[in-house]
Amino acid sequence: MSELLESALNPRSVAVIGASENPNKIGGRPILYMQRQGYKGSIYPINPTRPEVQGLKCYASLADLPEVPEAVLIVVAGDAAVAAVDECAAMGVKAAVVLASGFGEVDEAGQAMQRKWAQIAGRTGMRIYGPNTQGLANFGTGAILSFSTMFIEVPPLDGPVAVVSQSGGMSAMAYGLLRERGLGVRHVHATGNEADVTVSEMAWAVAHDPDIKLLLLYMENVAKPEVLARTAAYARERGLPIVAVKAGRTAVGQKAAASHTGSQPNDEAKVEAFFRAHGICRVADPHALAMAAEGYLKNWKPAGRRLVVISNSGASCVMAADAAHRLGLQLARLAPATEATIRKSLPGFATTSNPIDITAALLSNSGLFGEVLPAVAADPAADMFFINIPVAGAGYDIDRFARDAAAFEALTGKPVAVAAWQEPVAAVFRARGVATFANETQALGVLAQIADHTEMLRRAPGEWPALNATIDLAP
C-alpha cells in the first residue's frame, strides 16, 4: 500500500491543471512551493491561455505533455474537475489530487460522483486524493501538492513529525503550532472527502518513512479502520507514537462533519475502545497534538506516574499539586536522605519535601537549582519532574537555571518539563533544549498525556488484522 501512495509522496513528475502565474492563487501556490522547496522532478503547468507559468513552459492540456505525469494536481472545479479525473485515469496517471469542492459534502449527486471515483480508482489503480482537499506536502522530497497559506506564514523546516488530516485547515494549524515550537515537520497531508485515499492509508504510508518519529492524525470519521489498526501495530513495533484527534464526538459535531467533509459518523464508544486497543492516544484538539510533541521526540517513557515538583514560588507548588491530582499524577515521596541533602542547600524556611519550594532565595543564590536538582535526580521514587519558574528576570541568572535544567535532564534520562510564562525566560530554556511551556496546566498536561500513552503501549498489543479484514465502527 505504501508503494502505491509513493506516487503522491515522491512523484517523478507533477502536472497542475489550472496552473496560475499568480503564486497567491490556488493554481499558483503548489508551483511556487515546489520550486522553492527544491523539488527535483518535472513540473508541468497546464493552462490553455498561457505559454509560460512562473518561468516554466505551460501546456494546453494533459495530452500535450511530453510524458504521462506520475501525479496530477486538479485545481479546476465542477465538471472540469470530473473530466480531468476521467482523463487522468485513461492516461495511466498514478495519483490525482482533487482540490475542487462541491461534491460529497454538498449533496447526493456529489456523493454519487465520489462513489464513481472510488470505482475508477479500484478499476485502474490510480489513487485519488480528495476531493475538497487542501492537498499533500512532503518537505522531504519537495513534492508540495498543496495550496496551504500556512507554508508562507510559517517557513517550512523538514523534520521528524508527520501530520495526516481529513481537514486541510487542521493540517495547516497543526503544522503551524509545531513550527512555532521550533519543530520540523516533513509530512502535511489532507485527505478531504476521502473518495478513495483515507487518513488510515496515508498514516500507513508515512509510518514507513524511517525518519518520522511522531505521527499526528485528525479525523472526522475512522474510515478503513482495519488499515489504521495495522498501521498502529506496525508503529508500535518500530516505536512510533500515534496521537489523534477524532472530531465529531457529539451529534451536533457529527452533523457539522457531514457538511465539512461528508463524513459518516462512527460510534464513539467503539472509537474510544479501538484507539485504546491499538495504542493510539486520543486528544482534544490540534493544540494538544502539538503541545506534547517535544516530549515524544525526546522519547519520554516514564516508568510510572510519580512526579516531583520544584519551584521558586510556594503558591506555584500548591497549584501544581492540585493540577497533578486532577490529572492523576502522584506526588513522589522522596527518601529521607534526599530531603536531608536538599535541606543542606536551602534556607530554613524553604520546603524540602515534595513539592520543593526553593523560595525567593534563588534571587540571591542562582546556584540553588544546581544544588537541589542532582539530589532529586538520585531519588528512585521519581518518574518525572516539573520545574515551575513563575517569576524571574533582572537579577536572576536565567541562563544558569537553564543549563542546570538541561544537565539535570541528561543526568536522569527522565521527563523534565519547565513552565515559564515570561517569554524571555522561556526562550532561554528552549534554547538549551528543555521542553518549556507557558504554565503548569500545559506542562503537567503533557506529562500526564505521555504517562497515559506509555501505559497504554505497555499493555499487550492486539493482533495485526488482515488488510481485507472488516472492523465495524459504524453506529
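The values are calculated or read from the model by the stated rules, or taken from the named source; none is laboratory data. What you see is a predicted model, and the numbers here were worked out from it, not measured in a lab. Positions of Cβ are generated from backbone atoms using ideal geometry, with glycine treated the same way; all protein chains shown enter the neighbour counts. The accessibility values were calculated without ligands, DNA or RNA, using every heavy atom of the protein model including side chains. Shrake-Rupley method; radii C 1.70, N 1.55, O 1.52, S 1.80 Å.
If the condition is being open to solvent by 40 Å² or more (accessible area, probe 1.4 Å) and either of a type in the set (G, A, S) or on the phi > 0 side of the Ramachandran plot (or both), then segment 281-334 contributes A284, N299, A303, A315. Which ones in segment 57-83 are open to solvent by less than 10 Å² (accessible area, probe 1.4 Å) and over 17 Å from S13 (Cα atoms)? Result: A81, single match.
Under the condition of being farther than 13 Å from M219 by Cβ and under 19 Å from the mean Cα position of the chain (by Cα), which residue from segment 269-280 is least open to solvent (accessible area, probe 1.4 Å)? The qualifying residue least open to solvent (accessible area, probe 1.4 Å) is G279.
Does segment 110-121 include one or more residues that are buried (at least 19 other Cβ atoms within 10 Å of the Cβ) and within 21 Å of A137 (Cα to Cα)? No. Of all residues in segment 210-233, those satisfying the criterion of being at pLDDT 95 or above and surrounded by fewer than 19 Cβ atoms within 10 Å (Cβ to Cβ) are P210, D211. Would you be able to say whether some residue in segment 26-35 is in contact with a Lys or Arg (Cβ under 7 Å, 6 or more places away or on another chain), closer than 16 Å to V97 by Cβ and modelled with pLDDT of 95 or more? No - not one qualifying residue is present in segment 26-35. The set of residues in segment 204-245 being over 17 Å from L457 (Cα atoms) and in a helix (DSSP H, G or I) consists of W204, A205, V206, P225, E226, V227.
Among the residues of segment 432-448, is there at least one that is at pLDDT 95 or above, of a type outside the set (G, A, S) and more than 27 Å from D322 (Cα to Cα)? Within segment 432-448, one or more residues are at pLDDT 95 or above, of a type outside the set (G, A, S) and more than 27 Å from D322 (Cα to Cα). Of all the listed residues (F369, F401, F386), the sole one being touching a residue at least 40 places away in the same chain (Cβ under 8 Å), closer than 25 Å to A438 by Cβ, open to solvent by less than 20 Å² (accessible area, probe 1.4 Å) and touching a Phe, Trp or Tyr at 6+ places or on another chain (Cβ under 7 Å) is F369. The residues in segment 89-98 that are of a type in the set (A, V, I, L, M, F, W, C) and either open to solvent by 60 Å² or more (accessible area, probe 1.4 Å) or touching a Leu at 6+ places or on another chain (Cβ under 7 Å) (or both) can be counted, and the count is 3. The number of residues in segment 178-195 being open to solvent by 10 Å² or more (accessible area, probe 1.4 Å) and in a strand (DSSP E or B) comes to 1.
The selection criterion, being open to solvent by less than 10 Å² (accessible area, probe 1.4 Å), modelled with pLDDT under 95 and not hydrophobic (A, V, I, L, M, F, W, C), holds for G104.
The helices (runs of 4 or more DSSP H) found entirely in segment 318-432 that carry 3 or more residues being over 35 Å from the mean Cα position of the chain (by Cα) are 336-345, 361-364, 368-377. Based on this model, can you work out whether A137 counts as closer than 23 Å to P156 by Cα, assigned to a strand (DSSP E or B) and hydrophobic (A, V, I, L, M, F, W, C)? Judged against the criteria, A137 is a match. If you go through segment 404-421 and keep only what is more than 22 Å from H453 (Cβ to Cβ) and open to solvent by 10 Å² or more (accessible area, probe 1.4 Å), you end up with D404, A406, A407, A410, L411, W421. Among the residues making up segment 415-455, those that are touching a helix residue (DSSP H, G or I) at 6+ places or on another chain (Cβ under 8 Å) and among the aromatic types (F, W, Y) are F429, F437. Tallying residues that are more than 31 Å from the chain's Cα centre (by Cα) and outside any loop (DSSP other than H, G, I, E, B) within segment 46-90 yields 20. Screening the candidates T198, T191, T124, T149 for the property of being among the hydroxyl-bearing types (S, T, Y) and more than 25 Å from A288 (Cβ to Cβ) yields one hit, T124.
For A394, indicate whether it is over 19 Å from S313 (Cα atoms) and either without any contact (Cβ under 8 Å) to a residue 12 or more places away in the chain or hydrophobic (A, V, I, L, M, F, W, C) (or both). The answer is no for A394.
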